[in-house]
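Have a look at the structure below, then the notes.
The values are calculated or read from the model by the stated rules, or taken from the named source; none is laboratory data. All values reported here derive from a predicted model rather than from experimental measurement. Note that we place each Cβ from the backbone using ideal geometry, even for glycine, and neighbour counts take in every protein chain shown.
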Amino acid sequence: MDIADLRADVTLGDTVYLNTGASGPAPERVLQAAREEQARHEREWTVDPGPYASAWDAYDRTRERLAEYMAVSPSEVALCGSTADGISRIANALDWNEGDVVVRTDLEHPAGILPWARLAERGVEVREVPAPGGHLDYDALETALEGADLLCLNSISWIHGTQLDVRRACDVAHEHGALALVDAVQSPGQARVHPKAWGADFVTAAGHKWLLGVWGAGFCFVDESVVDRVRPRHVGYRSVEDKQAVPLDFHAGARRLEVGTQSLAPYAALREALDVHDELGLDAVREHIRGLTEQLKDGLPADRLVSPREFESGLVAFEVDDAEATVERLAERGVVVRALPRPDTVRASLHVFNTEDDVDALLAGLDD
């Protein structure tokens with residue numbers, strides 16, 4: 001599949017869809033994979049080899065495919081429902097005591113804020129590190145990590161579209177004896193996801209944004225060196241080796257974060273989406289995105305840009321006079337973008353299925 005094939009397979013009619021950073025439109029090929037997997041499970045596999053055996057095999061294939069994608073071991077991959085689900089599972093699987101410290105950036109999505117706010121109710125201190133312009137203040141990070149237990153940060157800022165230096169941040173965290181958890185949901189499909197190269201202890205992401213999968217297929221990486229520190233409170237029969245054992249006999253790897261049955265369809269879609277992106281090639285995808293972001297930035301007033309002028313990702317944020325009104329006006333013209341929780345800021349997501357005409361339509365709508 002090439003870029004033209006993908007564009008033809010993403011059927012949105014006359015809509016100019018520029019909101020992949022929230023949720024990507026799955027191509028027909030990916031949707032078909034989900035439908036076929038669900039049908040096989042409900043009709044064929046329910047009889048032979050049985051619904052559970054077939055599901056377990058599908059989960060294993062998905063872990064193996066994700067492990068190949070992230071260059072990690074399948075035992076370091078757990079399946080979950082979403083990025084938020086993965087962060088919450090990790091937060092609730094670590095041993096916290098009153099006075100422990102979590103450090104997060106001021107770039108975090110609510111998925112990377114709310115679990116720590118809940119822990120704060122139990123006496124865990126939460127420190128926020130500034131990231132002016134979407135890049136970390138490393139002096140402030142060094143100070144915040146003194147005596148800290150965990151750092152939570154994005155790989156790509158959902159507000160600025162900046163690509164953070166995850167390796168440097170993880171190294172600083174480890175120098176201070178803290179674990180590092182990366183919310184990587186804006187990376188898969190437009191940037192490389194290499195937990196080992198990052199030096200991350202945990203990475204969470206999902207397939208329904210830039211990978212163009214469907215909702216419901218989240219995944220977690222747990223480095224084998226820290227897995228013994230992960231003792232989930234959210235527990236089910238898939239979390240353990242021996243379902244009858246007390247004390248609990250957790251799985252040796254990241255699978256201890258899994259709980260029970262999950263729909264097979266989203267994970268079949270995820271596997272297919274990964275295959276599609278392999279066929280496209282990440283370099284080709286990024287080059288296409290780069291061209292579109294440059295076109296958009298060239299057409300916007302420089303003083304309105306919230307994202308950096310240089311290319312870092314397909315997310316382009318910019319200021320307008322009234323974000324909500326602008327989004328509504330553009331929607332009436334068939335152009336889909338989103339308002340951000342930042343005063344009078346709109347974000348466009350430019351992906352491989354988008355075209356130069358899409359960018360022109362956005363710029364024309366802004367000029368009205």
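Which of the residues that make up region 325-336 are touching a helix residue (DSSP H, G or I) at 6+ places or on another chain (Cβ under 6 Å) and assigned to a loop (DSSP other than H, G, I, E, B)? Once the filter is applied, which keeps residues that are touching a helix residue (DSSP H, G or I) at 6+ places or on another chain (Cβ under 6 Å) and assigned to a loop (DSSP other than H, G, I, E, B), region 325-336 yields only Arg333.
Could you run through region 14-51 and say how many residues are over 28 Å from the mean Cα position of the chain (by Cα) and either exposed (fewer than 14 other Cβ atoms within 10 Å of the Cβ) or in the same structural domain as Ala331 (by TED's automatic domain parsing) (or both)? Please lay out each step first, then the result.
First, pick out the residues of region 14-51 that are over 28 Å from the mean Cα position of the chain (by Cα): 40, 42-51.
Checking which are either exposed (fewer than 14 other Cβ atoms within 10 Å of the Cβ) or in the same structural domain as Ala331 (by TED's automatic domain parsing) (or both) leaves us with 42-44, 46-50.
Total satisfying the criteria: 8.
In region 143-160, the count of residues that are within 15 Å of Gly86 (Cα to Cα), surrounded by 17 or more Cβ atoms within 10 Å (Cβ to Cβ), touching a Ser or Thr at 6+ places or on another chain (Cβ under 6 Å) and aliphatic (A, V, I, L, M) is one or more. Within region 93-124, the set of residues being among the acidic types (Asp, Glu) and either under 22 Å from the mean Cα position of the chain (by Cα) or under 20 Å from Ala169 (Cα atoms) (or both) comprises Asp100, Asp106, Glu108. Restricting attention to region 66-89, the residues that are in contact with a Ser or Thr (Cβ under 7 Å, 6 or more places away or on another chain), in a helix (DSSP H, G or I) and surrounded by 20 or more Cβ atoms within 10 Å (Cβ to Cβ) add up to 3.
Pick from Ala269, Ala323, Ala317: which is surrounded by 20 or more Cβ atoms within 10 Å (Cβ to Cβ) and assigned by TED's automatic domain parsing to the domain that holds Gly161?
On the way: Ala323 fails: assigned by TED's automatic domain parsing to the domain that holds Gly161; Ala317 fails: assigned by TED's automatic domain parsing to the domain that holds Gly161.
When all the criteria are applied, what remains is Ala269.
Checking each residue in region 1-13 for being over 24 Å from the mean Cα position of the chain (by Cα) and within 29 Å of Leu366 (Cβ to Cβ) picks out Ala4, Ala8, Gly13.
Looking only at residues in region 272-283 that are aliphatic (A, V, I, L, M) and in contact with a helix residue (DSSP H, G or I) (Cβ under 7 Å, 6 or more places away or on another chain), the one that is surrounded by the fewest Cβ atoms within 10 Å (Cβ to Cβ) is Leu280.
Residues considered: Arg61, Arg43, Arg35. Of these, the only one that is in a helix (DSSP H, G or I) and under 30 Å from Val226 (Cβ atoms) is Arg61.
If you take the residues of region 164-210 that are in contact with an Asp or Glu (Cβ under 7 Å, 6 or more places away or on another chain) and β-branched (Val, Ile, Thr), which of them is nearest to Ser82 (Cα to Cα)? So the residue we want is Thr204.
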